[in-house]
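Read through the structure below, which is laid out as structure tokens, and then see the notes.
No lab work stands behind these numbers, since they all come straight from the coordinates. Since this is a predicted model, take the numbers as computed values, not measurements. Here the Cβ positions follow ideal geometry from the backbone for every residue, glycine too, while neighbour counts run over all protein chains shown.
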Amino acid sequence: MTFTTLTRALALALAAAAMSVPAHADSLASSASSAGSASSGSISDSLGGSSNSSNGDKKHVAAGPYRVIDVAQAPAKAGTTRVTLRAAAGDAATEFWVDVPDRALADRRVGKGDIVQVSERVYGYEFAYGDTQKPFFLALQDDWYRELASRKVTI
């Protein structure tokens, strides 16, 4: 495991702890691995439709509160919910969608009209319920997400 991989695994384990993931994992690696499955996804697979980015990057999202304007089954992605968000303040034209695994919303769904807080993090974006600020999904930069992939270890 390289230093970068270890650093990323530790950061994601801390992020998972912040998301109130039960602390019964046997190691930081297993915590990071579980964070990498049910409650996270890569930015390129999870985000789309950003309509107003200053640099033209459709995968860049501004931090802040967003109102849920639609919740539906994600097209061609079984077990995934597509949540369409619009900036709650400022530029109301900013809209994008995020595909969230249904398991990440098992404890609490998001509904049309709800507020979702988006925070930019070193590893990508954190999506949290607006009223409780409890994170429910992490959209990870692609290189971070690849580092979480399970690999067969031979000794």
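The H on the amide N of Gly124, modeled in the peptide plane, is under 5 Å from the matching H of Gln141, each at least 5 residues off or on a different chain.
Computing FRET efficiency as 1/(1 + (r/R0)^6) for Ala88 and Val122, where r is the C-beta to C-beta distance and R0 is 30 Å, gives about 0.80. In sequence order, the stretch 102-115 has phi-based couplings of 4, 4, 6, 9, 4, 6, 7, 7, 10, x, 4, x, 5, 9 Hz under the Karplus curve 6.51 cos²θ - 1.76 cosθ + 1.60, θ = phi - 60°, and Gly or Pro positions carry x.
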